[in-house]
1. Write out the cysteines belonging to the chain for which the nearest other cysteine Cβ is not under 4.7 Å, or none if no such cysteine exists.
2. Taking the Cβ-Cβ separation of R97 and L77 as r and a Förster radius of 41 Å, what is the calculated FRET efficiency to the nearest 0.05?
3. Compute the semi-axes of the equivalent ellipsoid of the chain, taking the square root of 5 times each eigenvalue of the Cα gyration tensor, and list them largest first in whole Å.
4. Report relative contact order for the chain in percent, whole number only (criteria: Cα-Cα under 8 Å, sequence separation at least 6).
5. All other residues with a Cβ under 12 Å from the Cβ of A38 taken together, and with Lys, Arg as +1 and Asp, Glu as -1, what is their net charge?
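What follows is calculated from the coordinates using simple rules that are stated; it is not laboratory data. Owing to the predicted nature of the structure, the values given are computational and were not obtained by experimental measurement. Quick reminder, even Gly has a Cβ in these numbers, built from the backbone with ideal geometry, and neighbours come from all protein chains shown.
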Amino acid sequence: MSAISIRRACATDIPAIVVMLADDALGQAREDASLPLAQAYLDAFAAIDSDPNQLLAVMTDGDDVIGTLQITFLAGLSLRGARRGQIEAVRVASSRRGEGLGQRLFEWAIDKCRERGCRVVQLTTNKSRLDAHRFYERLGFKASHIGYKLEL
């Protein structure tokens, strides 16, 4: 029986996280899995880890990191001052997809959002990720907004 668990990421998880982020057509163009301990990744991890409104999590099976996601807890005035949980950078190791691990990771993340008093859980996803869209809809998410990004 495997020992699957989910926990806050630590610095030693960075290489495995970067490999998962780079493990698809979009990620290959954005990440550099050959340099997982590049200063930019280390700096980003330090900023995330020191911010109480950020939670970078990993799913592990024994000593192996097999999934990751990041939650940003957002305060806002809209929706009568509702807190929101923004889920980003969701990945399950390609060798472990199809085992229900993504659903388990999301259920954990949604519970963390509830614990922090969030009234809304939201995410963005690239338009090309059709399988992900179906997955999010199965979890109860609705494609209610159009998102825009401006790269700087």
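1. Singleton cysteines: C10.
2. Calculated transfer efficiency: 0.60.
3. Working: eigenvalues 109, 68, 63 Å².
Largest first, the chain gives 23, 18, 18 Å.
4. Values: 192 pairs, mean separation 28.5, N = 152.
Answer for the chain is 19 percent.
5. Details: positive: none; negative: E31, D32, D43.
It works out to a net charge of -3.
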